[in-house]
1. Confirm whether residue 45 is surrounded by fewer than 17 Cβ atoms within 10 Å (Cβ to Cβ) and at pLDDT 95 or above.
2. From the list 112, 81, 77, exactly one residue is under 13 Å from residue 43 (Cα atoms), surrounded by 13 or more Cβ atoms within 10 Å (Cβ to Cβ) and in contact (Cβ under 8 Å) with a residue 40 or more places away in the chain. Which is it?
3. When you scan the range 115-124, how many residues do you find that are modelled with pLDDT under 90 and surrounded by 11 or more Cβ atoms within 10 Å (Cβ to Cβ)?
4. Has the range 84-101 got any residue that is loosely packed, with under 15 Cβ neighbours inside 10 Å and without any contact (Cβ under 8 Å) to a residue 24 or more places away in the chain?
């Protein structure tokens, strides 16, 4: 039986292959391990109160939805930003006008406060 491949003995592990998240396995457009984090505060300027559960959408300049999230009960949210030139942030809360902001990930710092005025919105 010389020359034939024999299966590995029981209990012997094959060498580990790199995964896409390991440094050796990173070969594509995988998420940045240290993305820029955008901190948001959505609030009513008349009362100063945070607007909880706001719907947040992050769009690419090409019109592709990159991320959808919901703000916390106090109107705050932290969003990882992909590497891009410019992104469009859309904020919606029922009973308030929608807000849109253009964001440049390389310049995002601190907390972005977004005031929403009461009025009709285009919320689904």
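The values are calculated or read from the model by the stated rules, or taken from the named source; none is laboratory data. These numbers were taken from a predicted model, which means no experiment stands behind them. FYI the Cβ positions are ideal-geometry reconstructions off the backbone, even for glycines, and counts take in every protein chain you see.
1. On the way: surrounded by fewer than 17 Cβ atoms within 10 Å (Cβ to Cβ): yes; at pLDDT 95 or above: yes.
For residue 45, the condition - surrounded by fewer than 17 Cβ atoms within 10 Å (Cβ to Cβ) and at pLDDT 95 or above - is met.
2. Details: 81 fails: under 13 Å from residue 43 (Cα atoms); 77 fails: in contact (Cβ under 8 Å) with a residue 40 or more places away in the chain.
None of the other options fit; the residue is 112.
3. 2
4. Keep residues of the range 84-101 that are loosely packed, with under 15 Cβ neighbours inside 10 Å, which gives 85-86, 94-95, 100-101.
When the remaining residues are screened for being without any contact (Cβ under 8 Å) to a residue 24 or more places away in the chain, the result is 100-101.
Yes: one or more hits.
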